[in-house]
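The values are calculated or read from the model by the stated rules, or taken from the named source; none is laboratory data. What you see is a predicted model; the values in this text were computed from it and never measured. Methodologically, a virtual Cβ is constructed for each residue, glycine included, from the backbone with ideal geometry; neighbour enumeration extends over all protein chains shown. Just the protein is used for accessible areas: all its heavy atoms, side chains included, with ligands, DNA and RNA removed. Shrake-Rupley method; radii C 1.70, N 1.55, O 1.52, S 1.80 Å.
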Amino acid sequence: MRILYGVQGTGNGHITRARVMAEELAKRDVQVDFLFSGRDASEYFDMEPFGDYQTRRGLTFVTERGGVKLLKTLSQSRLGELWRDIKSLPVRDYDLVINDFEPITAWAAKLAKVPSVGLSHQASFLQPVPKDGENLSSRLLIRHFAPVNIELGVHWYHFGKNLLPPIIENPGQQKAPRHNKVLVYLPFESIEEVQALLEPFPDVEFYCYHPKATFEDRGHIHLRPPSRGAFHQDLADAMGVIANGGFELPSEALRIGKKLLLKPLHGQFEQLSNVLTLRQLGLASVMYELSAGELDAWLELPAAQPVSYPEVAGSLVDWLLAGNLNDSEQLCQGLWRQVAFPSYCKLSAGVNNS
């Protein structure tokens, strides 16, 4: 079997999920080619599991000061180049396309009538899960940005639908958390504003990863450039995580019992919906602006307990290769039976839309 795997490269979460899948697919007798789009080729890092991967410009969203800038997004989109990339992709050479919200491989497969499976967090929003900020444009985006034959969404809870638990990297050996260490990852905020948020708390050691940072220690604020290995080392012994409202980092933090303070990206339906979900489930605190008051209150909260999520990738790859792609119920239900939530999790509260 030959598989083309398309991955949205705008954020690191899609790549992290694809990395877990790549390692599992490598154990099988299949040929997998990876294509990434959404960022400049020079900005990808730690890509060894993907072999001789391809990149394309694709489509990405312009963000400034914690918000999506739609006019700049549209003005900087190269739709002619996108169409040429779709038409020129030799997708008929493949038996199956796996797609993590990547438009070029999705549209190429659709036009060529090659079977495709969408494996993404965005696919979960096609189901009646908690949503915030949904409008016509967000509905059209979720449905048509990267269309596929079979949609299989991943989420923190199943909400009675055929969704998968998060696909998370194996955390490996964990360290005892340091009571005053916090990991900060707010890449869509300005680094100056992040530092201003953290400055009033000298008793807390903040390890702040940011695309504009260089390796520098400024008292209790430790600035770090992107680095997958160093990032996970700091995550391992942090007591909590401050992040935007993406999916993968909160998933990793939940699995290893880190308390969460989330600041969603303004105008980003997915992030607004994510923080709504975790707030309703009682699994995270939320600040909609960078707020020292919200941070102070969060620091006083007790430590979190882990959410016991199973290893998903192996079962998922077995299901994909078995070929019965129209029946995911047994796969999903079997995986959710292995999940255990902390006693304070409010499972009945997470189905209300805002």
**Asked** Is it the case that some residue within segment 250-263 is buried (at least 22 other Cβ atoms within 10 Å of the Cβ), assigned to a loop (DSSP other than H, G, I, E, B), modelled with pLDDT of 95 or more and under 15 Å from the mean Cα position of the chain (by Cα)?
**Response** yes
**Message:** Can you list residue pairs whose Cβ atoms sit under 9 Å apart, with the first residue in segment 287-301 being touching a residue at least 60 places away in the same chain (Cβ under 8 Å) and over 22 Å from S190 (Cα atoms) and the second being assigned to a helix (DSSP H, G or I) and open to solvent by less than 80 Å² (accessible area, probe 1.4 Å)? Count only pairs 6 or more apart in sequence or on different chains.
**Reply:** none
**Request:** Test L261 against the stated conditions and say whether it is over 17 Å from T16 (Cβ atoms) and touching a residue at least 60 places away in the same chain (Cβ under 8 Å).
**Result:** no
**Odd one out for N324, checked against (1) without any contact (Cβ under 8 Å) to a residue 60 or more places away in the chain; (2) within 21 Å of the chain's Cα centre (by Cα)** = (2)
**Complete:** How many residues of segment 1-29 are open to solvent by 50 Å² or more (accessible area, probe 1.4 Å) and in a loop (DSSP other than H, G, I, E, B)? The answer is 6
**Item:** Pair list, Cβ < 9 Å and 6+ apart or interchain, from segment 118-142 residues that are in contact (Cβ under 8 Å) with a residue 40 or more places away in the chain and at negative phi to residues that are among the aromatic types (F, W, Y) and open to solvent by 30 Å² or more (accessible area, probe 1.4 Å)
**Value:** V129/Y157
**Request:** Could you check how many residues of segment 142-166 are crowded, with 20+ Cβ neighbours inside 10 Å and in contact with a strand residue (DSSP E or B) (Cβ under 6 Å, 6 or more places away or on another chain)?
**Result:** 8
**Complete set of residues in segment 334-344 that are open to solvent by 20 Å² or more (accessible area, probe 1.4 Å) and farther than 30 Å from V30 by Cβ** = A340, F341, S343, Y344
**Request:** Sort through P115, P90 and tell me the only one that's free of Cβ contacts under 8 Å to residues at least 40 places away in the same chain, farther than 30 Å from Q280 by Cα and open to solvent by 40 Å² or more (accessible area, probe 1.4 Å).
**Result:** P90
**Hits in segment 244-298 (condition: in contact with a strand residue (DSSP E or B) (Cβ under 7 Å, 6 or more places away or on another chain), farther than 25 Å from Q233 by Cα and among the hydroxyl-bearing types (S, T, Y))** = none
**Near pairs, Cβ below 7 angstrom, 6+ apart or cross-chain, from segment 205-225 (at negative phi and touching a residue at least 24 places away in the same chain (Cβ under 8 Å)) to any residue that is loosely packed, with under 12 Cβ neighbours inside 10 Å and among the charged types (D, E, K, R)** = L223/E216
**Prompt:** Which of the residues that make up segment 321-339 are within 15 Å of N162 (Cα to Cα) and among the aliphatic types (A, V, I, L, M)?
**Reply:** L325, L331, L335, V339
**Item:** Positions within segment 41-56 being modelled with pLDDT of 90 or more, part of a loop (DSSP other than H, G, I, E, B) and open to solvent by 40 Å² or more (accessible area, probe 1.4 Å), in sequence order
**Value:** G51, D52, Y53
**Asked** Among the residues of segment 93-112, which ones are open to solvent by 10 Å² or more (accessible area, probe 1.4 Å) and assigned to a helix (DSSP H, G or I)?
**Response** D93, W107, K110, L111, A112
